[in-house]
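The values are calculated or read from the model by the stated rules, or taken from the named source; none is laboratory data. Bear in mind the structure is a predicted one, so any value in this text is a computation, not a measurement. Positions of Cβ are backbone-derived with ideal geometry, glycine not excepted, and every protein chain shown enters the neighbour counts. These area figures cover heavy atoms from the full protein model, side chains too; ligands, DNA and RNA do not enter into them. Shrake-Rupley method; radii C 1.70, N 1.55, O 1.52, S 1.80 Å.
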Amino acid sequence: MNLESPKTTINKSSEAVFNFLSDIKNFEKLMPENISKFEVLGEDKFLFALKGMPEIVLKKKEMTPNSQIVLGAAGGKLDFSLIGNIIEIDANTSEVQLQFSGDFNPMMAMMIKGPISKFIETLATNMPKAV
């Protein structure tokens with residue numbers, strides 16, 4: 001299952017956006033209002049929970065300076081990635097698009113597609129104000 005957020009324009013350099021997303025503590029600023037828990041578990045790992053959903057632990061897996069950050073599930077039963085693609089438009093403007101990629105059975109995919117789509121859309125929408 002692959003989902004993409006709308007592209008979001010941010011009035012900051014690709015380096016500034018990358019540095020913001022590299023610091024996992026900043027993901028708390030991007031979370032939707034219905035977050036019930038957010039906890040930093042280390043330099044590269046955090047846990048969050050949305051009301052009515054199980055806790056999810058994300059860990060930094062890969063980083064390509066100023067262009068991409070890949071977070072992946074850290075443990076748990078589900079294997080998925082959340083990818084932040086950063087495109088430099090000019091020295092002071094960037095575009096970000098989040099991608100969610102996971103391998104789920106059809107029943108699970110059907111159940112989580114809506115909530116996950118809304119979640120990544122909210123993260124992307126909150127980014128211009130937070131960065």
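Of all residues in the range 24-37, those being polar (S, T, N, Q) and part of a helix (DSSP H, G or I) number 1. Of the residues making up the range 1-39, those that are of a type in the set (Gly, Ala, Ser) and farther than 29 Å from residue 103 by Cβ are 13, 14, 16.
Scanning the range 26-34 for residues that are within 23 Å of residue 129 (Cβ to Cβ) and surrounded by fewer than 12 Cβ atoms within 10 Å (Cβ to Cβ) turns up at least one hit. Pairing residues of the range 114-131 that are closer than 15 Å to residue 27 by Cβ with residues that are open to solvent by 50 Å² or more (accessible area, probe 1.4 Å) and in a helix (DSSP H, G or I), at Cβ distances under 6 Å and at least 6 apart in sequence or on separate chains, gives 130/29.
Residues in the range 107-128 include none that are acidic (Asp, Glu) and out of contact with any Ser or Thr (no Cβ under 8 Å at 6 or more places or on another chain). Once the range 43-52 is narrowed to residues that are in contact (Cβ under 8 Å) with a residue 12 or more places away in the chain and open to solvent by less than 70 Å² (accessible area, probe 1.4 Å), the residue that is nearest to residue 122 (Cα to Cα) is 50.
Restricting 40, 70, 57 to residues that are free of Cβ contacts under 8 Å to residues at least 24 places away in the same chain, open to solvent by 50 Å² or more (accessible area, probe 1.4 Å) and either in a strand (DSSP E or B) or over 25 Å from residue 113 (Cβ atoms) (or both) narrows the list to 40. Being of a type in the set (Lys, Arg) and closer than 15 Å to residue 9 by Cβ holds for only one residue in 77, 113, 129, 118, and it is 129.
Name the single residue, out of those in the range 80-95 being among the hydrophobic types (A, V, I, L, M, F, W, C) and closer than 17 Å to residue 116 by Cα, that is surrounded by the most Cβ atoms within 10 Å (Cβ to Cβ). Write out each step before concluding.
We begin by selecting, within the range 80-95, every residue among the hydrophobic types (A, V, I, L, M, F, W, C); these are 80, 82-83, 86-87, 89, 91.
Add one more test, that the residue is closer than 17 Å to residue 116 by Cα, and what stays is 80, 82-83.
Numbers: 80: 18, 82: 24, 83: 19.
Among those residues, the one meeting the criterion is 82.
Looking at the range 2-23, I want the residues that are in contact (Cβ under 8 Å) with a residue 40 or more places away in the chain and part of a helix (DSSP H, G or I) and have a partner that is open to solvent by 20 Å² or more (accessible area, probe 1.4 Å) and among the basic types (Lys, Arg) with Cβ atoms under 8 Å, at least 6 apart or on another chain. Which pairs are those? The qualifying pairs are 20/12; 22/60. The residues of the range 9-19 that are within 16 Å of residue 69 (Cα to Cα) and open to solvent by 20 Å² or more (accessible area, probe 1.4 Å), listed by number, are 13, 15, 16, 19. For the residues 93, 9, the requirement of being of a type in the set (Val, Ile, Thr) and touching an Asp or Glu at 6+ places or on another chain (Cβ under 8 Å) singles out 9.
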